[in-house]
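Remarks on the structure that follows.
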């Protein structure tokens, strides 16, 4: 039986409202024992704007771990330009938003960015990478900023704590969920919630509408791309024909034929032939492609 995919952002945000799922997901992605997690609560995803023209930051999910660490979790299905800069923008904004004018730097909290990507950011086989601020010798500058990147499309090694979470994200049927053999209570609870949500009318209806929107958008993008290719092919043929005419005119100009004589012989427009003759006489060193380009400007 098909299920509502966890790649659907609404379901993912809904799942993170479950304290048991939230606790174990954070434990596994940050590789910390659950015993060290005193609390992990949902915070407001809206980042503060200091100035009117400043860009508003809206996070997918923002968690507060043990009262002193902020965790921004982002689910990104399609690759976007400047994704790395976008990720740093949100991490930096999350880090600085707590500090008001005149306040001490000690108020700044540790910030962790967790990006779950349904595309490959690199060719590296490692599917869960962690970035910290270190020097060339590996000595850490600070642990206040940390970036986790989880790539869902890469082959699993079977040794990562995140493996079963990745399997849940990639599951499309109940049978695939049932194949995940684990004793992790957070993962078991996540599987239960996904099955219940898939059977429920509200989330299923929202998911179906979401998938329809994606299919419609893909169809529009395909149409625009195909039209662009067709226009490009037509333009390419036209440019090739024009360059062929220029080559023929060049030969006939070398025989001292007039523009009218050439136009009559080639059965081409006199205005076009006159322009080509003018450029050939004024700029004899230009090749056929350069003349075509100058005529199209």
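Evaluate region 219-235: report whether one residue or more is surrounded by fewer than 13 Cβ atoms within 10 Å (Cβ to Cβ), out of contact with any helix residue (DSSP H, G or I) (no Cβ under 8 Å at 6 or more places or on another chain) and at pLDDT 75 or above.
no
Against the definition (more than 52 Å from the chain's Cα centre (by Cα) and either in a helix (DSSP H, G or I) or at pLDDT below 85 (or both)), how does residue 244 come out, yes or no?
For residue 244, the condition - more than 52 Å from the chain's Cα centre (by Cα) and either in a helix (DSSP H, G or I) or at pLDDT below 85 (or both) - is not met.
Here is a yes/no grid of residues against (1) assigned to a loop (DSSP other than H, G, I, E, B); (2) touching a helix residue (DSSP H, G or I) at 6+ places or on another chain (Cβ under 9 Å); (3) outside the structural domain of residue 106 (by TED's automatic domain parsing):
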{"residue": "146", "(1), (2), (3)": "no, yes, no"}
{"residue": "156", "(1), (2), (3)": "yes, yes, no"}
{"residue": "161", "(1), (2), (3)": "yes, yes, no"}
{"residue": "164", "(1), (2), (3)": "no, yes, no"}
{"residue": "167", "(1), (2), (3)": "no, yes, no"}
{"residue": "175", "(1), (2), (3)": "no, no, no"}
{"residue": "182", "(1), (2), (3)": "yes, yes, no"}
{"residue": "190", "(1), (2), (3)": "no, yes, no"}
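Taking the condition of being in a loop (DSSP other than H, G, I, E, B) and either surrounded by 13 or more Cβ atoms within 10 Å (Cβ to Cβ) or modelled with pLDDT of 95 or more (or both), how many residues in region 89-132 meet it?
Matching residues across region 89-132 total 10.
Step by step: first the residues of region 197-217, then only those that are modelled with pLDDT under 70 and within 19 Å of the chain's Cα centre (by Cα), then the one that is farthest from residue 4 (Cα to Cα). Which residue is that?
Per the criteria, the residue is 214.
The values are calculated or read from the model by the stated rules, or taken from the named source; none is laboratory data. Worth saying up front: this structure is predicted, and the values here are computed from it rather than measured. Don't worry about glycine lacking a Cβ; one is built from the backbone with ideal geometry, like all the others, and counts go over all protein chains shown.
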